[in-house]
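The values are calculated or read from the model by the stated rules, or taken from the named source; none is laboratory data. In this text the structure is predicted, and so the values were computed from the model without any measurement. Heads up, the Cβs are rebuilt from the backbone with ideal geometry, glycines too, and the neighbour counts pull from every protein chain shown.
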Amino acid sequence: MNKKILVTGGTGYIGSHTVAELITDGFEVAIIDNLYNSEAVVADRIGQITGVRPELEVFDLCNEARLEDFFRKHNDISAIIHFAAYKAVGESVRKPLEYYRNNLLSLINLLEAMKRHDIASMVFSSSCTVYGQPEKLPVSEDAPLQPAKSPYGNTKKIGEDIIRDTCEADDKIKAISLRYFNPIGAHPTALIGELPRGVPENLVPFITQTAYGLRDELKVFGDDYDTPDGSCIRDYLHVVDLARAHIVALKRLLENKNKKNYEVFNLGTGTGVSVFEAIKSFERATGVKLKYRVTSRRPGDIEKIWADPSLANRELGWKTIYTLDDAMKSAWEWEKFIRKQNRS
Ligand code: UD1
């Protein structure tokens, strides 16, 4: 079996952890990344972790001619894991056209290139955001999808539609969309992790930056929700568990074990965790006391969502291994590593 995989966005948060798992599993990896939200040094750090530095080509997937050159040069790619996308919910509301252009044009360019170069398999990075606020919890893959609350969320929904329609029209193309719940944490070596630009929008980077003293306090967005402690509930999973799921999804396609040309799986722990519980977990795992204050709700937030991961458990043989405390501890180790790097 040819084992060269193209990972787009492979220097990003989830991409880098997946590349490390792929290399450890014996795959050869070529990364395409425009470094919009990441740094080339990540490829070196993956090299430190695995002993093999992945090849990194820096360009934008919206550049069709450049992408065609890439596939001419790399004529031995057997599958694509597609992460590259803009991902900031708030920014997407301010810059919808940039989000639609970047996230959708890059996907279309890749699918067209797959057809031209006879590449059959794609694993796509989707999100639980496609469910909106589900009526039934835990939410399973057959739950009705709801209109997206942000252009970012809509690009995930439309991205899934584009891939499904492509798989339906062309039986030589097959794909798996993975709907992530809330990925957190970092690699156990603390050499790779999440690197938010500017002030983090997401909970865990905000927690670790506050603990480090970069932010005054964490704002808990609302304690008047209809949940046991009043704060929102999410399903936080360790990024290394999430990365592992991509390897099993990829192998399912490469080994023709997929049941349909297009499949969708939820990736979560199956357990809902409130914002207050997340804070307690961070404090327990690290021994660091966090300064926080309850403020008003954040517009667009969903009250509660957690996954029914039983389809992925059954069909992919995948389930999460790391605990919430493990994830918090690793996020903290990463925060400390990255601050030390920035000082030296
Ligand atoms: C959002 C997106 C999701 C996307 C993810 C990662 C939606 C509905 N969700 O998830 O699609 O994949 O970002 O970019 O668009 N919180 C605080 N204080 C903070 C930050 C967050 O209390 O400073 C709370 C939020 O209210 C929420 C929870 O923490 O209840 C998690 O927030 P966040 O990490 O931003 O993720 P989501 O909003 O769930």
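Here is how the numbers come out for the structure above:
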quantity: Residues of the range 281-308 classified as within 16 Å of the ligand (Cβ to nearest atom) and touching a residue at least 12 places away in the same chain (Cβ under 8 Å), total; calculated: 19
quantity: Within the range 59-71, tally of residues that are crowded, with 17+ Cβ neighbours inside 10 Å and touching a strand residue (DSSP E or B) at 6+ places or on another chain (Cβ under 7 Å); calculated: 2
quantity: Residue match in the range 209-228 (condition: modelled with pLDDT of 95 or more and closer than 24 Å to residue 4 by Cβ); calculated: no
quantity: Residue satisfying condition, being within 14 Å of the ligand (Cβ to nearest atom), modelled with pLDDT of 95 or more, within 23 Å of residue 40 (Cβ to Cβ) and among the small types (Gly, Ala, Ser), within set 106, 177, 125; calculated: 125
quantity: Test: residue 56 is of a type outside the set (D, E, K, R), buried (at least 17 other Cβ atoms within 10 Å of the Cβ), part of a helix (DSSP H, G or I) and over 18 Å from the mean Cα position of the chain (by Cα); calculated: no
quantity: Single match in 43, 85 (criterion: under 17 Å from residue 18 (Cβ atoms), under 18 Å from the mean Cα position of the chain (by Cα) and more than 16 Å from the ligand (Cβ to nearest atom)); calculated: 43
quantity: Residues of the range 185-200 classified as near the ligand (Cβ under 10 Å from one of its atoms) and either small (Gly, Ala, Ser) or under 18 Å from residue 327 (Cβ atoms) (or both), total; calculated: 3
quantity: Leading residue by the ranking (farthest from the chain's Cα centre (by Cα)) among those in the range 267-299 that are within 30 Å of residue 247 (Cβ to Cβ) and among the polar types (S, T, N, Q); calculated: 286
quantity: Residue 207 being under 30 Å from residue 118 (Cα atoms), crowded, with 22+ Cβ neighbours inside 10 Å and in contact (Cβ under 8 Å) with a residue 40 or more places away in the chain; calculated: no
quantity: Neighbours by Cβ (under 7 Å, 6+ apart or cross-chain): first from the range 46-71, under 18 Å from residue 84 (Cα atoms) and without any contact (Cβ under 8 Å) to a residue 24 or more places away in the chain; second surrounded by fewer than 16 Cβ atoms within 10 Å (Cβ to Cβ) and not charged (D, E, K, R); calculated: 66/59
quantity: Yes/no for residue 258 being touching a Pro at 6+ places or on another chain (Cβ under 8 Å), more than 27 Å from residue 219 (Cβ to Cβ) and at pLDDT 95 or above; calculated: no
quantity: Test: residue in the range 180-192 that is within 30 Å of residue 118 (Cβ to Cβ), in contact (Cβ under 8 Å) with a residue 12 or more places away in the chain and in contact with a Pro (Cβ under 9 Å, 6 or more places away or on another chain); calculated: no
quantity: Test: residue in the range 234-246 that is near the ligand (Cβ under 10 Å from one of its atoms), touching a residue at least 40 places away in the same chain (Cβ under 8 Å) and of a type outside the set (Ser, Thr, Tyr); calculated: yes
quantity: Residue identified as modelled with pLDDT of 95 or more and surrounded by fewer than 20 Cβ atoms within 10 Å (Cβ to Cβ) among 307, 285; calculated: 285
quantity: Single unsatisfied condition, residue 216 versus (1) away from the ligand (no atom under 16 Å from the Cβ); (2) out of contact with any strand residue (DSSP E or B) (no Cβ under 9 Å at 6 or more places or on another chain); calculated: (1)
quantity: Unique residue being of a type in the set (Gly, Ala, Ser) and touching a Pro at 6+ places or on another chain (Cβ under 8 Å) when the list is 84, 43, 20; calculated: 43
